[in-house]
Structure formats: C-alpha cells, structure tokens
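Read the structure below first, then the notes.
The values are calculated or read from the model by the stated rules, or taken from the named source; none is laboratory data. Source: prediction; values computed, not measured. All Cβ positions, even for glycine, are placed from backbone atoms using ideal geometry, and neighbour counts span all protein chains on display. SASA here: full protein model, heavy atoms, side chains in, ligands and nucleic acids out. Shrake-Rupley method; radii C 1.70, N 1.55, O 1.52, S 1.80 Å.
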Number of protein chains: 2
Amino acid sequence: MSETATAPRDHVAGDATMPPPPPPLVQTERAPRRSSAEEARTLLAATDVGALASLSADSYPWSSLVGFAALGDGTPVLLVSTMAEHGRNLERDPRASLMVAHPVRELDQLAHGRLTLAARAERPEGEEQERARKAFLAAIPAANAYEPFVDFSLWVLRPERVRWVGGYGRMNTVTLEAYAEAEADPTYAAAPGAVAHLNADHADALVDMARALGGYPDALTARCDAIDRYGIDLTVETPRGHAPTRVGFAERVDDPDGLRPATIELARRARA
Amino acid sequence: MSETATAPRDHVAGDATMPPPPPPLVQTERAPRRSSAEEARTLLAATDVGALASLSADSYPWSSLVGFAALGDGTPVLLVSTMAEHGRNLERDPRASLMVAHPVRELDQLAHGRLTLAARAERPEGEEQERARKAFLAAIPAANAYEPFVDFSLWVLRPERVRWVGGYGRMNTVTLEAYAEAEADPTYAAAPGAVAHLNADHADALVDMARALGGYPDALTARCDAIDRYGIDLTVETPRGHAPTRVGFAERVDDPDGLRPATIELARRARA
C-alpha cells in the first residue's frame, strides 16, 4: 500500500495572504492515512450515481447522470438506453469518463472528495457480462424494471486514467495497478455517525488525543473532522490559532464496526 | 409559456410486460405543469454544484465537479483554476457541457430531474465580468478565500443546446429562447416540506382532490409525490390499481410562501 502522494501544490496568491496554521510543538510520528487509490475506491463504493462525459455527434463533450456499479477491480458498469444521448454517444465513440463525488450535499461539496476515471467503454461478454449484470442490478434495484427492455445495454468502462481530488489543493493521479488492487475503506458507512458521536459526547477524549498524540500540547479544544480505518483528522484550537492534525490508530481497522474499539484504544493511549 | 413537449417515447419491451395504470373514470381538464424550460431553470436555481464535461489534451471527454452560479438569463458562471484539469481544458478548447442534477441523494436519483447544457466557454469581460464575479461569490461563499488567487479564472458558458430529463422516459430539448426567458419556480425550496406535511396531516384532503378533481372518484387513498407553483402530483390507489394524476391550482403561485393558501383553495374546491 505504498503511496507516492503528490505534495499539494500551492495556489499563487495575488493580493490575498493566508496565514499558515501554527506548527505542532512536539514532533509526532506521521499518522497513516488512506492512499489516493483507497480514497478513489472508497468513493466508488459509497455511491451509485455519477456523471458520465461522452462525445456527442457534434463532438461536444456531453455530461449526463448515470447510475453505476463496480466490479471487484473497480471497473465501472453502466446500463444505458440508446434513447439517452449518452447511450448513442458510447455506441459511436468509446472514449468516456466517469466522475463520482462524495455523496454530501451539505456544506461545501468542493471541499470533499471526487474521482474522475477516464476509460474506454466496451460491451462485456460471456462470464463478465453476467457479473456486470448482477452487480448493476444489486447496486440499482430500480433497474430490474427496465433492464429487460431491448434499448438498454450493459457497458463496462475499462480504466485508462484515474484522477482523485480530495478537496482544495489535494489531488493525485492514481496508477491503474494501485486502483485495481486497492480496497474501499470498510468503515466509510459508519464514519459520519462516529464523527457526530465523538464531537457530541467525547470532546475531552479528542483534546487529550490532540495534546498527547497530535503534537499540540497547547490544544484548548479539538474537533473531529473525519474518521477512517487508519485514524482521526482533528482541527485543534490553540492560543496560537487553529491547526489541522491527525492521530493514527494502533492497527488498521478491517471490521465495518471497528471504529469504536479503535477509538477507545486511542483515547486510552492518549491518557497513559 | 407555451410548451411543445415531446411525448414520452416508450421503451420497447423484450420479455417484460408492464400493465398500464388504470385510466381516470372522469375526464378532467389537463392540469398545467412547468414547461421543460422552467424545469431546467428550477434545477439550476436549486443547487450550486454540477458536473462539467470538457475536452482533455488526449481528446477524451473529461468529467469533473464544479461549483457554479447563474446569471439572470441562465448563463452558468464558473470559477476554475488552471491547476485543475478542466481549467486547462477550457483554455485549450471552449467546447463544454454542464450537467446539473436534482439535489436528492435518497431514493432513486435516476427518477429525478437533471439538465445538460452544452455551451462554449468564454471569459466574461467588462460589466458582465463583474456581474459574473458577484454571482459566483454569492452562490459559493467559500470562493471568497480563493477567488483572489491568480490561477483562478471566471468563465461563462454560452448555451448552445439544452436537454432536460425529468426521470425515466420524460425528456425534452429546450429551445435557447425558452431557456433564457423561463423563470425558476419560486416555490421549489418550500416544496419538499409541503409534500411531507400534506402526506402526514392532510391525507383526507388529498383523496378528496383525487376524487373530485383528479378523475378518480374511486380513489381509496392518495399520496402527494410532488408540488410546484402550478399544482400537485398525486399517486392514487383504486380498486383497479395505482395510477398517477395531477390537480392544478386555480392560479400560478408567484410567492415562495404561496403553496399553503393555494392548497387550501384546492381542498375547498374539491369539497364544494
């Protein structure tokens, strides 16, 4: 699971100046986090709709809403009608891309993750066709009503290039090998509830983690921004200003219900 | 506000058969509904993120998440960085399209509305540039933090073709004139709350409407599926099966808070 993350490039300020966050007072071990490939596969697992870009007859790029499923190696599956412009487009030209965004509509969606997968569209055959069909009907149950119609066809999108954007200034190209091999974070569905619970009921544990393990012994408060199988993202408030930090779990969480015991272990360690 | 709606084309069934819904027992006047252009402009007003399709250097169509605002005639405004692939794409080739989907993640999103607007991207100048900038910063307040960075540029998307899809089998091409002139439904933000309230507390009024005004005197129950400035979409349960129908308000609702009095008038009329 090695990762050669692109260092976030800085935007070049015109008139604006943004003060940097206060640095940690104690150097801590870098907490592990999901690779870009794992981020991409987690996004793919977390939703079943995306935006397809295809090429229209007038050679304009055409953006449309599609439901999708994914095969085990992250190959997206579509079921589209030739009544839809994108269905006719794929018949004519296999070049396409699929964008999948973090399914959050509150707050600032541009600050959240998304993935663009450029691909060649192909009709699956034989055993793969049956796997694709089953995956699609499992992901989009409503498709059982229209899958038998003869104007609908299954497509698989063979990945050619994968780009992940994590929010403002976080982005990376993911190799096709890393994409195919990476696993979706099994805790993604439990994470929003865990974040809300930690902030509502365990503010004391969060500030202990930030002080003892996050490099900010001067933390006054700490808010949990995100949680995943590898650890917790915090924003700490200090007398020197606000700063982001991260604390890592002792071990990667493999159980969808494993965030709670891992967090309890982390709080114990912070207080040891 | 005339509308030459495309009659929904039927999918051609292979093996599947879908029984048609039971017809109304009483012929009623066709209830007015939003034109496709009004649907498109309402979608545009209801959200501030969409999927941009642009052309990459390798001539693949590239799908990416963008925030947008709209000028008064429905011209979308983007603020994009050349650090983003789509920003570099627009610099190279102005052909693009923007897809905006109904901001609903529950249920079956493919059953809800979306809009694709194919356009040429241009840098606005002079007075339009200032209008575009103000509109974008009002729609995406977070952009105040990055708008001053020199790698960000404003773009307007000059509409060339507008396609609206209302869900399965409901779709229409919208003329550019109708698109530019149409108004977003001012009641869209209040509509989800009104639907929930009607179903929770006024099931009796809904069934009265379906019986007296919707053509289904044999309605046993009626559920409100949607409400808009022109009327109410219902699904009625009858001894003959379930059917969709629609009841129209006496007058178009122009006030964002006007759904309640219009609905009360409709219920009174149903009981008269």
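The table below lists the values:
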| read-out | value |
| --- | --- |
| Pairs with Cβ under 9 Å, 6+ apart, first in region A:76-93 and touching a residue at least 40 places away in the same chain (Cβ under 8 Å), second among the basic types (Lys, Arg) | A:Val77/A:Arg131; A:Val77/A:Arg133; A:Leu79/A:Arg133; A:Thr82/A:Arg88; A:Met83/B:Arg9 |
| Selected residue (criterion: farthest from B:Thr175 (Cα to Cα)) from residues of region B:49-75 that are more than 12 Å from chain A (Cβ to nearest Cβ) and not aliphatic (A, V, I, L, M) | B:Gly72 |
| Members of region B:231-244 that are of a type in the set (Val, Ile, Thr) and open to solvent by less than 20 Å² (accessible area, probe 1.4 Å) | B:Ile232, B:Val236, B:Thr238 |
| Residues within region A:32-63 that are more than 23 Å from B:Ser54 (Cα to Cα) and of a type in the set (A, V, I, L, M), tallied | 3 |
| Filtered residues of region B:247-266 (kept if surrounded by 22 or more Cβ atoms within 10 Å (Cβ to Cβ) and outside any helix (DSSP H, G or I)) | B:Val247, B:Phe249, B:Val253 |
| Positions within region A:166-183 being open to solvent by less than 30 Å² (accessible area, probe 1.4 Å), in a loop (DSSP other than H, G, I, E, B) and modelled with pLDDT of 95 or more, in sequence order | A:Ala182 |
| Close pairs (6 angstrom Cβ cut-off, 6 or more residues apart or separate chains): farther than 17 Å from A:Thr235 by Cα in region A:187-200, open to solvent by less than 50 Å² (accessible area, probe 1.4 Å) and part of a loop (DSSP other than H, G, I, E, B) anywhere | A:Thr187/A:Arg229; A:Thr187/A:Val253 |
| Selection within region B:176-186 - touching a residue at least 40 places away in the same chain (Cβ under 8 Å) and aliphatic (A, V, I, L, M) | B:Ala178, B:Ala180, B:Ala182, B:Ala184 |
| Failed item, numbered, when A:Glu38 is tested on (1) more than 7 Å from chain B (Cβ to nearest Cβ); (2) farther than 18 Å from A:Trp164 by Cβ; (3) among the charged types (D, E, K, R) | (2) |
| Out of B:Thr173, B:Thr116, B:Thr82, sole residue that is of a type outside the set (A, V, I, L, M, F, W, C) and over 22 Å from A:Ala101 (Cβ atoms) | B:Thr173 |
| Hits in region B:145-160 - residues which are away from every other protein chain (no Cβ under 11 Å), over 20 Å from B:Glu85 (Cα atoms) and either open to solvent by 50 Å² or more (accessible area, probe 1.4 Å) or of a type in the set (A, V, I, L, M, F, W, C) (or both) | B:Arg158 |
| Scan of region B:114-139 for residues that are within 23 Å of A:Asp108 (Cβ to Cβ) and in contact with an Asp or Glu (Cβ under 6 Å, 6 or more places away or on another chain), ordered by number | B:Ala139 |
| Condition met for A:Leu43 (at the interface with chain B (Cβ under 7 Å from one of its Cβ atoms), within 25 Å of A:Gly166 (Cβ to Cβ) and either open to solvent by 10 Å² or more (accessible area, probe 1.4 Å) or touching a residue at least 24 places away in the same chain (Cβ under 8 Å) (or both)) | no |
| The lone exception for B:Ala182 - which of (1) away from chain A (no Cβ under 12 Å); (2) more than 14 Å from the chain's Cα centre (by Cα) it fails | (2) |
| Total residues in region B:101-144, condition surrounded by fewer than 15 Cβ atoms within 10 Å (Cβ to Cβ) and more than 11 Å from chain A (Cβ to nearest Cβ) | 8 |
| Single match in B:Thr173, B:Thr221 (criterion: within 14 Å of another protein chain (Cβ to nearest Cβ) and touching a residue at least 12 places away in the same chain (Cβ under 8 Å)) | B:Thr173 |
| Residue selected from region A:78-99 under the condition among the hydroxyl-bearing types (Ser, Thr, Tyr) and open to solvent by less than 20 Å² (accessible area, probe 1.4 Å), by the criterion farthest from A:Ala135 (Cα to Cα) | A:Ser97 |
| Matching residues, region A:184-228, being surrounded by fewer than 21 Cβ atoms within 10 Å (Cβ to Cβ), polar (S, T, N, Q) and not in a strand (DSSP E or B) | A:Asn199 |
| Boolean, A:Arg163 is within 14 Å of chain B (Cβ to nearest Cβ) and not in a loop (DSSP other than H, G, I, E, B) | yes |
